[in-house]
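Please treat every number below as a calculation from the coordinates, not as lab data. Note that the structure is a prediction, hence the values are computed from the model and not measured. Quick reminder, even Gly has a Cβ in these numbers, built from the backbone with ideal geometry, and neighbours come from all protein chains shown.
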Amino acid sequence: MRKRLHGKIRLDAETIVMPSGKRIDASVYLHLKGYARARVSHLDVEKIGLGRIIHRGRGNFLQVKGIKQGLEVFARESRTIEIDGKQTPISSIAIIYKPLNEILKENQLTRAWVGRKYDGFYISFRREEMQRLEKVALEIFRVKPLRKLEKAPFKIEP
């Protein structure tokens, strides 16, 4: 992402590929509903090649676990993907950012839609976790998601 958008907030998070424990320089964003075409609030993890953790298609429901300092997203099956020109075995990705423990407490499990993007993946949580994600955005960054506008009670002629 080249320019700063009000509702897509870059987090000072670390990303670690498991089982190797290798740190990768992925960008993690908290992307709120209504900003930059986001239909729901979600987390973006952007690094070329990371989208290949998705088994096939555009996304999968994957297990997400709260860990001591953040979240861990488990791939459906272990695989090897290319990151920075090197083959890297991957079974899960840990996102280390302490405020993410407000979404899922340590050892708490959920299933979330993890969608594939060209430059990574996104995590779209269930309603309860999404509301906690939006609460984190409001408390830390003072940004609220945009809600859908009501339809106009009249028709606008061209």
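In contact with a Pro (Cβ under 9 Å, 6 or more places away or on another chain) and part of a strand (DSSP E or B): is that true of residue 64 in this structure? Answer is no for this residue. Can you find a residue that is within 16 Å of residue 129 (Cβ to Cβ) and in a strand (DSSP E or B) anywhere in segment 83-94? Taking every residue of segment 83-94 in turn, none turns out to be within 16 Å of residue 129 (Cβ to Cβ) and in a strand (DSSP E or B). For segment 38-61, which positions are more than 11 Å from residue 93 (Cβ to Cβ) and assigned to a loop (DSSP other than H, G, I, E, B)? Result: 38, 39, 40, 41, 48, 49, 54, 55, 56, 57, 58. Selection within segment 53-74: residues that are closer than 17 Å to residue 23 by Cα and touching a strand residue (DSSP E or B) at 6+ places or on another chain (Cβ under 8 Å). The member of this set that is surrounded by the fewest Cβ atoms within 10 Å (Cβ to Cβ) is 69.
On inspection, residue 117 does not qualify as under 15 Å from residue 133 (Cβ atoms), touching a Gly at 6+ places or on another chain (Cβ under 8 Å), in contact (Cβ under 8 Å) with a residue 12 or more places away in the chain and surrounded by fewer than 19 Cβ atoms within 10 Å (Cβ to Cβ).
Can you name every residue in segment 1-37 that is without any contact (Cβ under 8 Å) to a residue 40 or more places away in the chain, part of a loop (DSSP other than H, G, I, E, B) and either among the aliphatic types (A, V, I, L, M) or surrounded by 17 or more Cβ atoms within 10 Å (Cβ to Cβ) (or both)? The one that is without any contact (Cβ under 8 Å) to a residue 40 or more places away in the chain, part of a loop (DSSP other than H, G, I, E, B) and either among the aliphatic types (A, V, I, L, M) or surrounded by 17 or more Cβ atoms within 10 Å (Cβ to Cβ) (or both): 36.
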